[in-house]
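The values are calculated or read from the model by the stated rules, or taken from the named source; none is laboratory data. On a predicted model such as this, the values are computed, not experimentally measured, just so you know. Backbone-built Cβ (ideal geometry, glycine too); neighbour counts: all protein chains shown. In case anyone asks, the SASA skips ligands and DNA or RNA and just uses the protein heavy atoms, side chains included. Shrake-Rupley method; radii C 1.70, N 1.55, O 1.52, S 1.80 Å.
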Number of protein chains: 2
Amino acid sequence: MNKTLKRMATMQRMQVTGLELFYKKGYYNTSVDDILKELSLSKGAFYYHFDSKEDFFIQIVENLLVRKMYSMLIEPIEGHENTLDMITNCFEEALETAVHNEFDFGFVLSNFINEFNGKNEKIMKHLNDILRIWEANLVSAIQRGKFNGHIDRHVDSEGVAVYLMSAYIGVRTLMVETAPSARKYRFMSQLRQYFKSMEPKSENAVNQSSGYGTYN
Amino acid sequence: MNKTLKRMATMQRMQVTGLELFYKKGYYNTSVDDILKELSLSKGAFYYHFDSKEDFFIQIVENLLVRKMYSMLIEPIEGHENTLDMITNCFEEALETAVHNEFDFGFVLSNFINEFNGKNEKIMKHLNDILRIWEANLVSAIQRGKFNGHIDRHVDSEGVAVYLMSAYIGVRTLMVETAPSARKYRFMSQLRQYFKSMEPKSENAVNQSSGYGTYN
DNA sequence: CTTTAAACCGACTAAGCGGTCGGTTACTTT
DNA sequence: AAAGTAACCGACCGCTTAGTCGGTTTAAAG
């Protein structure tokens with residue numbers, strides 16, 4: 001086997017198992033040895049491939065988390081049909097995974113954000129980058145919806161994006177432990193209702209002001 | 001000074017500082033010594049008053065977290081006026097605190113839920129209890145609103161409660177680090193729009209704010 | 001087959017952890 | 001003043017951690 005291929009394979013194995021354990025037990029609560037035991041590898045192998053535990057985690061974020069985010073929450077809404085429907089289906093599926101996957105303890109990203117916030121600025125930067133990508137993508141999806149007439153022109157794209165992200169992150173936290181399926185169902189029907197209020201109004205409808213000016 | 005008073009005072013000091021540090025740095029990432037150093041107290045004092053670190057934390061949850069939850073998210077909406085307005089104001093104020101308090105890293109409860117989930121079932125039970133109290137309180141507030149005519153009768157109280165909790169928990173996570181004030185603002189205007197879609201549809205509806213536009 | 005370096009091993013270190021315990025201080029009671 | 005005890009001290013123990021390093025295996029290259 002090619003040397004560089006072997007290197008890649010080992011690093012990949014370590015990262016996949018690392019993410020799984022960090023996700024399940026938390027970063028600070030997972031030791032390097034825990035990961036190595038799972039893989040029957042040694043400390044030497046680990047520190048041959050990675051500079052430190054922190055460096056290891058950052059590479060996991062860059063290699064695995066970013067891709068996971070894209071495949072679950074970004075690519076599914078990149079089509080050109082009805083944006084709100086696509087977002088609805090995207091959330092529906094992502095939450096369905098959460099219900100059935102016992103390894104799924106809340107939203108990966110928000111878990112880590114909570115864990116590293118105020119503790120590790122360097123890692124936080126990488127995590128916030130992913131959030132910003134998600135946000136930017138939601139915003140442009142909503143603007144696309146406004147452009148092609150599926151969403152009312154007066155809707156505040158940035159506001160909706162923040163609200164959607166909040167709701168999704170929150171329900172993922174709520175779905176751990178207590179009645180995940182019921183909560184998913186309730187969440188989704190409220191989301192649909194929220195989206196309904198964003199459908200285009202009649203031509204001469206008064207601007208219903210997405211908030212500006214009524215603040216406090 | 002009375003002995004029992006002194007005991008109470010010391011335990012209180014320990015719990016307040018403990019919560020602050022656990023909140024800021026996480027439970028597993030905060031050592032008992034960290035807390036004691038802050039208070040200039042010794043291991044002996046700690047283990048004289050508490051059985052273990054875990055017992056200590058549970059007492060913090062029961063004594064401090066429950067009260068914090070009540071004073072910030074439950075009592076403010078227990079009045080008998082327009083329920084939606086009360087919830088709006090309650091969230092507004094809770095988020096305003098989050099914006100200005102540098103010690104405020106996300107929603108206390110959701111932080112801890114994320115940290116203990118899958119790791120400490122005993123503590124998780126206590127945390128989930130608080131969530132259930134909050135949920136029950138929101139549900140009855142919404143039902144009250146339906147009863148006194150401020151909320152449409154067809155609204156799903158449980159659904160709205162889950163959605164509100166999700167959104168609040170999520171935005172608190174989002175507000176850490178990146179543009180908390182802007183995100184709070186956007187969140188609140190979307191929340192108002194969401195609430196607007198829940199106002200009574202029938203013609204004998206309660207007056208809904210001033211101005212133009214009586215559609216919807 | 002020999003050379004060479006990448007890949008991996010695992011004992012070791014220093015630091016930090018939760019928790020223990022015999023001793024000391026400070027206050028109450030008699 | 002003496003005795004008793006609640007409150008507190010801090011050295012210590014056993015254990016785990018991230019990270020180091022000299023040595024060994026593996027496999028491609030000459």
Of A:S31, A:S42, which residue is within 14 Å of chain B (Cβ to nearest Cβ) and within 16 Å of DNA strand D (Cβ to nearest atom)?
A:S31
Every residue in the range A:128-175 that is β-branched (V, I, T), surrounded by 23 or more Cβ atoms within 10 Å (Cβ to Cβ) and within 20 Å of A:Y23 (Cα to Cα), please.
A:I169, A:V171, A:T173
Condition check for A:I113: open to solvent by less than 60 Å² (accessible area, probe 1.4 Å), within 14 Å of chain B (Cβ to nearest Cβ), closer than 15 Å to A:L131 by Cα and of a type in the set (V, I, T):
yes
Identify, by number, the condition in (1) under 16 Å from the mean Cα position of the chain (by Cα); (2) more than 16 Å from B:M175 (Cα to Cα) that A:H154 doesn't meet.
(1)
Hey, could you check the range A:50-66 for residues that are without any contact (Cβ under 8 Å) to a residue 60 or more places away in the chain and either away from DNA strand C (no atom under 16 Å from the Cβ) or of a type in the set (D, E, K, R) (or both) and say which is farthest from A:V108 (Cα to Cα)?
A:D51
Within the range A:1-36, how many residues are part of a helix (DSSP H, G or I), within 26 Å of A:V176 (Cβ to Cβ) and out of contact with any Lys or Arg (no Cβ under 8 Å at 6 or more places or on another chain)?
11
Subset of the range A:10-25, residues open to solvent by less than 50 Å² (accessible area, probe 1.4 Å) and either away from chain B (no Cβ under 14 Å) or within 14 Å of DNA strand C (Cβ to nearest atom) (or both), comes to A:T10, A:M11, A:M14, A:Q15, A:T17, A:G18, A:L19
Against the condition within 16 Å of DNA strand C (Cβ to nearest atom) and in contact (Cβ under 8 Å) with a residue 24 or more places away in the chain, how does A:A45 come out, does it pass?
yes
Single condition B:M188 does not satisfy, out of (1) at pLDDT 95 or above; (2) farther than 22 Å from A:F91 by Cα:
(2)
Those residues of the range B:45-60 that are part of a loop (DSSP other than H, G, I, E, B) and either open to solvent by 70 Å² or more (accessible area, probe 1.4 Å) or within 12 Å of DNA strand D (Cβ to nearest atom) (or both) come to a total of 2
